[in-house]
Amino acid sequence: MKVKAKKHLGQHFLNDENIARDIAEGLTWEGYDRVLEIGPGMGVLTKYILQAKRNIEVVEIDTESVEYLQEVYQPFYPGFKIHSEDFLKMNFAEKFNEQVAILGNFPYNISSQIIFKALEERETVPELCGMFQKEVAERIASKKGTKDYGILSVLAQAYYKCDYLFTVPENVFTPPPKVKSGVIIMKRYRTEIEGITQERFFQVVKAGFGQRRKTLRNALKSLGIPEQLNDHEFLNLRAEQLSVEDFIELTKLMQ
């Protein structure tokens, strides 16, 4: 039985075993003993976790892939759990009562949403390792002052240490995508930021980058800049010039 890649699901099946092994081995297994793989397809990553006798569950929206995994893997690995549903709609509180890392060759069409979901569930997700479209992977791991540095960079790095691991060429997928891919790892180092609410932090970051060519004095006008902040040096800078910690400090001043 073979699974046909479906364009509307953003599926590109990895067919290079060495790269699959390298991604699976990117997990550190520090502080957790369970992994949730998103969009396993035909299990090219899954099998390396199963073979290592580690705990892995998968979430797959494609019913054809679910049938394949049930037929090829489930009979040989008792306890291997398949969630036949949409990852973005998963209720983590219901499904997991322990720490669970995220792994995957992530569908390009929902890659940013996967990061935002992981951030939403960060108390349960200590680590994320996987493959994105290269420009998205670079954006997540980029530092201030670079063209890729933006909303995704700041929000992810506020809670996770993000490292770009390696680039993957187009020809190792079926069907091959039109762009290169990049593998990253995100390791959580905090779940909350003292002195600010997540809602306000997200508002400030999104507004700052929403008009990234403007100074923050202009970009943040819609949020209401406190009078006592008018002379602060941050307001004369553009969003890309502020580090993650600068954005946290700015949010405290904007509370």
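In a loop (DSSP other than H, G, I, E, B), under 27 Å from Val125 (Cβ atoms), under 23 Å from the mean Cα position of the chain (by Cα) and not basic (Lys, Arg) - does that describe any residue in segment 222-242?
yes
Among (1) open to solvent by 50 Å² or more (accessible area, probe 1.4 Å); (2) at pLDDT 95 or above; (3) part of a helix (DSSP H, G or I), there is one condition Leu119 misses while meeting the rest; what is its number?
Looking at each condition in turn, Leu119 falls short on (1).
Can you tell me which residue among Ala118, Ala141 is in contact (Cβ under 8 Å) with a residue 40 or more places away in the chain, of a type in the set (A, V, I, L, M, F, W, C) and closer than 22 Å to Arg213 by Cα?
When all the criteria are applied, what remains is Ala141.
Right, Ala239: among the hydrophobic types (A, V, I, L, M, F, W, C), in contact with a Leu (Cβ under 6 Å, 6 or more places away or on another chain), under 14 Å from Leu155 (Cβ atoms) and in contact (Cβ under 8 Å) with a residue 12 or more places away in the chain or not?
Criteria not met by Ala239.
Would you mind stating whether Ala156 is under 23 Å from Arg54 (Cα atoms), assigned to a helix (DSSP H, G or I) and not charged (D, E, K, R)?
Spelling it out, it is not the case that Ala156 is under 23 Å from Arg54 (Cα atoms), assigned to a helix (DSSP H, G or I) and not charged (D, E, K, R).
Name every residue in segment 122-138 that is crowded, with 22+ Cβ neighbours inside 10 Å, in contact (Cβ under 8 Å) with a residue 60 or more places away in the chain and not acidic (Asp, Glu), in order of residue number.
Val125, Cys129, Gly130, Met131
The values are calculated or read from the model by the stated rules, or taken from the named source; none is laboratory data. Just so you know, these numbers come straight off a predicted model, no measurement behind them. Note: ideal-geometry Cβ built from the backbone for every residue, glycine included; neighbour counts use all protein chains shown. Just so you know, the surface numbers come from the protein's heavy atoms only, side chains and all, with ligands and any DNA or RNA stripped out. Shrake-Rupley method; radii C 1.70, N 1.55, O 1.52, S 1.80 Å.
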